[in-house]
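Just below is one structure, and these are the notes that go with it.
The values are calculated or read from the model by the stated rules, or taken from the named source; none is laboratory data. Given the structure is predicted, the values throughout are model-derived calculations rather than measurements. Note: ideal-geometry Cβ built from the backbone for every residue, glycine included; neighbour counts use all protein chains shown. SASA here: full protein model, heavy atoms, side chains in, ligands and nucleic acids out. Shrake-Rupley method; radii C 1.70, N 1.55, O 1.52, S 1.80 Å.
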Amino acid sequence: MTSSLLMPRGRAREGTAEATGSTAPTRILDWQHPRVAALLGRIDLPDTADPAHRSAALRQAHQWITENVRPVYSVQDERPVSQVLSRGRGSCSQRLAVLESVARASGVATRVRGLLVDGSFWYPRFPRLRGLVPHQVVLAWPEFRTEDPSPWLTVSELFGGLDELSRSGGGGFTNAGPETLFEALSRTAVDWDGVAACPSNGAACDLSAHVLADLGHFDSRDALFARHGQTLCGPARLLAEPVLGRRSAGA
């Protein structure tokens, strides 16, 4: 049984209008910070001026983040990317924000889709604390425009079409093992809409059954959290962060 006790109050979580995205820095996506610039210098990115190379560049950045930013259960979704890099650890949401910052710094516009995901999706990671798992989790799912006016690509589609990924033998994703959602992106389809041709055997790539509501698209994760809040209320984040912010999500 999930809990609503630790969630923000007074939030009307309906959908919103379409968003155009941006390459501009934000409070969270502070890609002009020297730490983000240093990250770009450490990643040998292909020529991002060529649209054909932009997805490859972001895949390379994803690999760097996987190897160098340790997965933890941090609950501070609004933490600036520069601070995540300074700590060398971050939640899936925070590490996705790092990837978005690399994209914007490289001239690739990003936006996010807001999803309300059933808290039970995280039960396998907290088997003894199910009663404290929020019953709704606010998820900022990034999208990238690698070429204008080409369609937006979800973060999973940076690694190929969803149908292609679902047939590649990647194995789907259950949130039950040491691998996090962020790492899984590179090997399997992550489908929140039930549109991919998922194989009938093995773990599911169709995660649409866990989606409680589609909140629409936002120009940035800053705008999503400003309108709908983070998953936990402020006092709960203050109490939980010192513990969960260091607890490994890859163990």
Original post:
Fully extended, how many nm does the chain gain between Arg246 and Arg42 (0.36 nm per residue separation, minus their Cα-Cα distance)?
Top reply: 71.0 nm
Original post:
If packing is taken as the mean number of other Cβ atoms within 10 Å per residue, what is the order of 105-115, 156-166, highest first?
Top reply: 105-115, 156-166
Original post:
Points 7 angstrom from Cα along the Cβ direction at Glu78 and Ala176: gap in nanometres?
Top reply: 3.7
Subject >> Cα gyration tensor category, rounded, prolate or oblate, for the stretch 111-232 with a/c compared to 1.5 >> reply: oblate
Original post:
What are the ³J(HN,Hα) values, in whole Hz, obtained from phi via the Karplus relation 6.51 cos²θ - 1.76 cosθ + 1.60 with θ = phi - 60°, for each residue of the stretch 85-96 in sequence order, with x given for Gly and Pro?
Top reply: 5, 5, 6, x, 8, x, 6, 4, 4, 5, 6, 4
Original post:
Where nothing but the Cβ of Lys and Arg (+1) and of Asp and Glu (-1) is charged, how large is the charge dipole of the chain around its Cα centre, in debye to the nearest 20?
Top reply: 1220
**OP:** Tell me which residues come under 5 Å, amide H to amide H, from Phe173 once H is placed; ignore anything under 5 positions away on its chain.
**Re:** Ala204, Cys205
Subject >> Solvent exposure of the chain as accessible area per residue, Å², 1.4 Å probe >> reply: 44
Original post:
For the stretch 59-114, what does the alpha-carbon gyration tensor say about shape, rounded, prolate or oblate, given a ≥ b ≥ c as the root eigenvalues, a/c under 1.5 as rounded, and a/b over b/c as prolate?
Top reply: oblate
**OP:** Identify, among Val81, Thr20, Val155, the residue whose Cα sits farthest towards the positive end of the charge dipole of the chain, taking +1 on the Cβ of Lys and Arg and -1 on the Cβ of Asp and Glu, with the dipole about the Cα centre.
**Re:** Val81
Original post:
So how far apart, in nm, are the two label points at Gln63 and Thr23 if each is 7 Å from Cα heading toward Cβ?
Top reply: 2.4
Original post:
Carbon and sulfur atoms: what percent of the 1.4 Å accessible area of the stretch 80-149 do they account for?
Top reply: 46
**OP:** Sum -39500 (n - 2.57) across every DSSP H segment of at least 4 residues in the chain, then divide by the residue count to get the 222 nm mean residue ellipticity, nearest 500.
**Re:** -8500 deg cm²/dmol
Subject >> Charge sum, other residues only, whose C-beta stays under 9 Å from Asp206's C-beta, Lys/Arg counted +1 and Asp/Glu -1 >> reply: -2
Subject >> Relative contact order, percent, the chain [alpha-carbon distance under 8 Å, six or more residues apart] >> reply: 30
Original post:
Which order, highest average first, do 229-241, 117-129, 87-99 follow once you tally other Cβ atoms within 10 Å for each residue and take the mean per peptide?
Top reply: 87-99, 229-241, 117-129
**OP:** Could you tell me which of rounded, prolate or oblate describes the chain, using a ≥ b ≥ c as the square roots of the eigenvalues of the alpha-carbon gyration tensor, with rounded for a/c under 1.5 and, failing that, prolate when a/b is larger than b/c and oblate otherwise?
**Re:** rounded
Original post:
Over what distance in Å are the Cα centres of the stretch 121-174 and the stretch 176-251 separated?
Top reply: 6
**OP:** Pop a pseudo-label 7 angstrom from the Cα along the beta-carbon direction at both His53 and Val195 and give the gap in nm to one decimal.
**Re:** 3.0
Original post:
Can you work out the FRET efficiency for the pair Ser208 and Arg128, with r the C-beta to C-beta distance and R0 = 22 Å, to the nearest 0.05?
Top reply: 0.20
